[in-house]
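K.L.:
Structure below; questions to follow.
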Amino acid sequence: MSDDELAPVDHCEGTERLPHGRSPRSGSVVSVTLRNVPIKVKRQAIDQEYVNERFTGTTYPPPCVSLKDKVTEKLKKSCSCTRNCVIRFFFVFFPIIRWLPQYQPREYLLNDLVSGFTILILHIPQGMAYGLLASVDPVNGLYVSFFPVLVYFLMGTSRHISVGTFAVVSLMISSAVSKLGVVDSFKHNASHVEQENTSEAVVAMKTYETSWPPSKEEAIVALSLATGLLQVLMGLLRLGSLSIVLSDHLISGFSTGAAVHVATSQIRNLFDIHVSNFHGPLKIIFTYINIFSVLAMANPATVVISAIAIFVLALVKEQINARFRQKLKMPVPIDLIVVVISTVASYLGNFNKTFGVEIMGHVPTGIPAPVPPRSDLLAPLATDAIAIAIVSYAVALSLAKTFAKRNKYTIDPNQELIALGTANTVSSFFSCFPCAASLSRSLVQERTGGCTQIAGLVSSVLMLVVLLVLAPMFYNLPKCILSCVILVALKGMFMQFLDLKTIWSVSRVDALIWIVTFLSVVLLDVDIGLMTGVIFSILTVIYRSVNPHQTVLGVIPNTEVYLDKKRYSKLEEIPGIKIFHFGSALYFMNRHVFLSALKKISVDEASAEIPPVEDLLIGEVNDKAAKYVQKKKEKKLHHIVIDCSSISYLDATGVEVILEVIKEMKKDEIAISLAACSVPMYELLDRSGFFSKVTLPVIFPTIHDAVLYAQDQDPEKPTIRATV
């Protein structure tokens with residue numbers, strides 16, 4: 001083994017095994033005792049230049065490739081239509097091809113059948129209720145519980161999330177379509193049905209398709225198409241990670257605020273009163289003013305039915321399903337039971353004619369024929385489609401990640417975007433509004449033993465039976481029952497208020513994000529509130545980077561461990577050396593913070609003047625004088641080590657700031673060293689010509705190496721001459 005291969009490992013004091021003709025430097029000394037013989041081991045300081053010389057491979061840095069070559073190579077890979085490329089395409093976009101051949105019927109089928117049937121029981125009341133919440137017919141909610149589930153079965157990567165209707169998304173849909181001034185149904189050219197086989201019928205149909213205002217169904221299917229196309233585009237562009245802008249606290253505040261709107265929208269059915277429609281900021285306040293003004297006109301029969309239904313739903317869910325969750329194989333389907341019993345009671349008691357209770361009325365059977373959505377509605381609904389696309393995806397992804405981690409499998413965030421987008425796009429041709437994943441149904445699907453996406457297929461097949469055969473049986477269902485189902489289901493969202501105390505104790509900034517988002521959603525509107533929450537969340541990130549954690553580090557004696565001096569006040573500081581830690585990226589927005597912090601550190605407190613005697617008492621004069629004498633005895637600051645381990649990003653302004661600091665400190669005879677720089681930061685410094693403007697060495701791989709070098713450069717260090 002050569003001498004070069006030994007350096008710079010530990011060596012005994014006095015040896016001179018230094019490669020490339022380097023001069024010896026003082027190092028850290030570790031004293032040990034072996035058989036009563038004291039031994040001192042010293043390590044040489046390593047700078048970045050030495051690391052580059054000895055340990056950089058022949059393949060680094062990688063060869064520079066022009067932008068034209070990169071684009072050409074990317075296009076060749078993307079546009080090649082080989083057999084393997086086609087096969088890979090189908091395997092990526094249709095995950096069912098991968099997992100279905102490995103399906104084990106003996107192990108999974110029974111659980112999937114039970115889970116699928118249980119999910120259907122939840123789909124029926126929730127689909128009808130959330131269809132009503134979206135301001136369309138309840139049967140449209142049943143369509144959403146059928147078509148998107150089939151598409152997600154083919155393209156989704158999560159085994160447990162239940163796609164279909166979701167309260168928050170339904171509310172956003174209602175808010176979006178109401179802005180268009182939609183009408184209830186196809187009333188513009190009703191005579192076109194009688195003219196099917198004439199040329200006038202074609203003209204009438206074209207007039208109908210472009211008439212304004214559009215019907216509710218036209219608006220929701222156009223919104224579904226716009227949402228689906230946006231999600232597919234985001235998935236193809238690999239933008240699945242953009243959901244990180246929606247933090248858990250933001251989603252919690254948003255969903256809680258949306259729950260207030262959902263509950264408010266159901267009061268009219270709960271009391272059978274007429275409430276005016278308000279739009280825009282403060283609409284929730286105007287709505288409640290209107291509600292209290294007409295509350296005395298409520299239908300007593302509807303109020304009694306609603307009270308009984310809410311009591312039964314809450315009792316069973318909270319006292320039976322929640323208490324005996326571990327013992328019950330599947331929760332008691334109280335939602336469906338209440339729907340069935342109230343429908344039968346309404347039919348037998350003729351509630352509609354006898355008590356004036358509003359009922360569902362005609363519910364069409366079968367599945368709708370495919371009809372293309374109106375393209376002229378895509379632009380007016382684009383803004384709302386973006387909000388719905390992001391919210392529905394963020395909710396689905398968070399649930400998918402939770403269940404994947406719990407059950408030890410992986411998901412593809414970008415494929416989830418494509419799956420949801422395709423589901424919305426395809427189902428928009430079948431009278432569906434945008435779909436999302438439901439927390440309650442997904443939890444039930446996992447709890448009842450669902451193992452794969454087969455559970456969703458089972459619920460879809462059974463839903464088809466409901467649409468073909470059982471739909472007319474809901475004719476006499478009181479609408480207030482569906483409102484009761486929605487209100488009781490919102491309990492989990494309202495309970496998120498209790499999380500605010502915990503969030504506040506952990507991070508007040510995160511708590512402010514929750515509060516601002518919640519208040520914005522409630523007072524302004526759902527879409528405006530979401531935008532406000534996102535903007536405020538981004539501003540908090542900027543604030544944290546502009547005002548990062550800054551501190552001076554101290555060392556644990558006889559170690560190479562450096563920690564925060566503010567947190568551990570008993571740590572030692574190395575005489576003449578300050579170690580500065582900057583806990584953020586260094587860029588144009590926080591350059592002044594960085595500069596001011598370093599200038600504050602560079603102030604030599606030992607040279608501070610004693611305040612005028614006339615301004616102090618006798619005791620204070622003596623105290624100040626004693627501190628002054630003590631500081632004079634301290635070694636003068638000659639070196640500042642900047643800990644760059646937390647500087648994740650550096651821009652051109654950051655490079656200029658570092659050069660400015662080195663130049664300014666040099667005037668005061670203070671040297672600057674950078675320690676623990678990341679590879680991207682080092683490469684940026686190299687590309688900017690930084691090393692040609694400074695005196696090397698200036699960068700070290702660790703804080704300790706920078707400290708060793710600084711100690712070696714101490715101007716007050718006595719010169720040691722070797723004697724023979």
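Read-outs throughout are calculated quantities, based only on the coordinates presented, and are distinct from any laboratory measurement. Every value quoted in this text rests on a predicted model; they were computed, and no experiment measured them. Backbone-built Cβ (ideal geometry, glycine too); neighbour counts: all protein chains shown.
K.L.:
At a 10 Å Cβ-Cβ cut-off, how would you order GLU660, GLU572, GLU218, fewest neighbours first?
P.N.:
Going from sparsest to densest Cβ surroundings: GLU572, GLU660, GLU218.
K.L.:
Anything over 31 Å Cα to Cα? Flag those among LYS283/LYS401; LYS68/LYS663; LYS405/LYS501; LYS179/LYS479; LYS179/LYS491, in the order listed.
P.N.:
LYS283/LYS401; LYS68/LYS663
K.L.:
How far is it, in nm, from the label point at PHE494 to the one at ASN350 when both lie 7 Å from their Cα along the line to the Cβ?
P.N.:
Placing both labels 7 Å beyond Cα along the Cβ direction yields 3.7 nm.
K.L.:
Among THR157, THR402, rank each residue by its count of other Cβ atoms within 10 Å, from fewest to most, as a rough exposure measure.
P.N.:
Ordered from fewest to most neighbouring Cβ atoms within 10 Å, THR157, THR402 come out as THR402, THR157.
K.L.:
Further question: Please compute the length gained on full extension between THR695 and ILE285, using 0.36 nm multiplied by the number of residues separating them and subtracting their Cα-Cα distance.
P.N.:
Full-extension gain reported as 140.9 nm.
K.L.:
Any chance you could run the full-extension gain for VAL340 through SER646? It's 0.36 nm times the residue separation minus the Cα-Cα distance, nm to one decimal.
P.N.:
104.1 nm
K.L.:
Which of VAL316, VAL679, VAL506, VAL340 comes first, and how do the rest follow, when ranked by fewest Cβ neighbours within 10 Å?
P.N.:
In order of increasing Cβ crowding within 10 Å: VAL679, VAL506, VAL340, VAL316.
K.L.:
State, to one decimal in nm, how far the label point of GLU573 lies from the label point of PHE536, with both points 7 Å from Cα in the Cβ direction.
P.N.:
Placing both labels 7 Å beyond Cα along the Cβ direction yields 4.0 nm.
K.L.:
Work out, step by step, the length gained on full extension between PHE292 and GLU664: first 0.36 nm times the residue separation, then minus their alpha carbon distance; give nm to one decimal.
P.N.:
Additional length available on full extension: 127.0 nm.
K.L.:
Another question about this same structure. Please compute the net charge surrounding VAL136, taking Lys and Arg as +1 and Asp and Glu as -1 over other residues with Cβ under 12 Å from its Cβ.
P.N.:
-3
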